[in-house]
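Reviewing the structure listed below.
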Amino acid sequence: TTDYGHDSAVGIPYLYDGNLAYLQMRRLSDKGMRYITFEIDGGHKLFGLDYIDKNKQISILEGAFDSVFIKNSVANGGAQDLNNVKYLMTISKDLRFIYDNDYRYNKNVKSQLLKRISEGYSCVIYDNWFKWKDVNSAIVAGVSRKDINDYMDNRTFKGLRANLELSRLAN
């Protein structure tokens, strides 16, 4: 078990077909383990799943806080959870992956990004303007929701163009 002691935490409900599927606790301080997730009724561990329009592009982010600010989005219960990604691929062909900005140095996240690009999916490739770790960090720093969504739309690429944008950042 994890002892959160007297640290403040927020509960993040993951709904599936209107029922509480999971409850994720996020520690508000940066010490120790930040997330712990409890399975309630089970199902797909995708925050926001009950609220998306499957007829529009669905954005997939890593964190629940991040997804709150992006139009028509869900948060995957962890970037590595491929079962959720596979499920989303069955309900929509128009998916956009928005990974945290740490793909520049996190090999696991970059591997996921490259895999999605090779599969033909749209992905956000950050340029040097985006200096934050993730969407939530940008919002906390004062960037508006509209500006974040416009930025994500302008920095969405797929295929060869996505690979070109990635190579430009490496230089």
If we keep just the residues of the stretch 87-99 that are aliphatic (A, V, I, L, M) and open to solvent by 10 Å² or more (accessible area, probe 1.4 Å), which is nearest to the chain's Cα centre (by Cα)? 89
For the stretch 43-51, state whether one or more residues are within 25 Å of residue 150 (Cβ to Cβ) and in a loop (DSSP other than H, G, I, E, B). yes
Take the conditions modelled with pLDDT under 95, closer than 28 Å to residue 36 by Cβ, open to solvent by 10 Å² or more (accessible area, probe 1.4 Å) and hydroxyl-bearing (Ser, Thr, Tyr) and apply them to residue 103. Does it pass? no
Sole residue being in contact (Cβ under 8 Å) with a residue 40 or more places away in the chain, farther than 15 Å from residue 164 by Cα and within 17 Å of the chain's Cα centre (by Cα), chosen from 150, 102, 134: 134
Tell me the residue from 128, 84, 136 that is in a helix (DSSP H, G or I), open to solvent by 30 Å² or more (accessible area, probe 1.4 Å) and out of contact with any Pro (no Cβ under 6 Å at 6 or more places or on another chain), please. 136
Note on the stretch 20-76: residues at pLDDT 90 or above and on the phi > 0 side of the Ramachandran plot are 48, 72
Condition test on residue 68, is it under 22 Å from residue 144 (Cβ atoms), among the β-branched types (Val, Ile, Thr) and out of contact with any helix residue (DSSP H, G or I) (no Cβ under 7 Å at 6 or more places or on another chain)? yes
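The values are calculated or read from the model by the stated rules, or taken from the named source; none is laboratory data. Remember, it's a predicted structure, so these values are computed and weren't measured experimentally. Note that each Cβ is placed from the backbone with ideal geometry, even for glycine, and that neighbours are counted across all protein chains shown. Accessible surface areas use protein heavy atoms only, side chains included; no ligands, DNA or RNA. Shrake-Rupley method; radii C 1.70, N 1.55, O 1.52, S 1.80 Å.
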